[in-house]
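Visitor: A single structure is presented below for examination.
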Amino acid sequence: MAGEQKAKGKTEELKGKAKEAVGRAVGNERMTAEGEADQMKGDARQAKEKAKDVFKH
């Protein structure tokens, strides 16, 4: 389960990076902001799962 959540976090992060890059390329500020938000969500999910792992051991 934790592995799934980590992978989901990484996927969100990568999706956000792509969205941000496209937004910057076409000059769409909203898409750029959404991409940055997706990256933060992915980072937060990964951090949460890493914290769980620390407390498991």
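Visitor: Nearest 10 degrees, 0 to 90: what angle lies between the long axis of helix 29-56 and the longest principal axis of the chain (Cα atoms)?
Guide: 10 degrees
Visitor: Taking the 0 to 90 degree range and rounding to the nearest ten, how far is the long axis of helix 2-26 tilted relative to the main principal axis of the chain, both from C-alpha atoms?
Guide: Once rounded, the angle reads 10 degrees.
Visitor: About the Cα centre, and with charges only on the beta carbon of Lys, Arg (+1) and Asp, Glu (-1), how big is the dipole of region 16-57? Nearest 20 debye, please.
Guide: The dipole magnitude comes to about 220 debye.
Visitor: Of the options Gly23, Val54, Gly35, report the single residue whose Cα projects farthest towards the positive end of the charge dipole of the chain (beta-carbon charges: Lys, Arg +1; Asp, Glu -1).
Guide: The residue sitting most towards the positive pole is Val54.
Visitor: Send over a whole-number figure in Å² for the accessible area per residue of the chain, probe 1.4 Å.
Guide: The answer is 73 Å² per residue.
Visitor: Then there is this: Compute the length gained on full extension between Thr11 and Glu36: take 0.36 nm times their separation in residues and subtract their Cα-Cα distance, giving the result in nm to one decimal.
Guide: 7.7 nm
The values are calculated or read from the model by the stated rules, or taken from the named source; none is laboratory data. Predicted, not measured: the structure shown is a model, and the values here were computed from it. Virtual Cβ from ideal backbone geometry, glycine too; neighbours counted across all protein chains shown. Areas reflect the complete protein model, heavy atoms only, side chains present, ligands, DNA and RNA absent. Shrake-Rupley method; radii C 1.70, N 1.55, O 1.52, S 1.80 Å.
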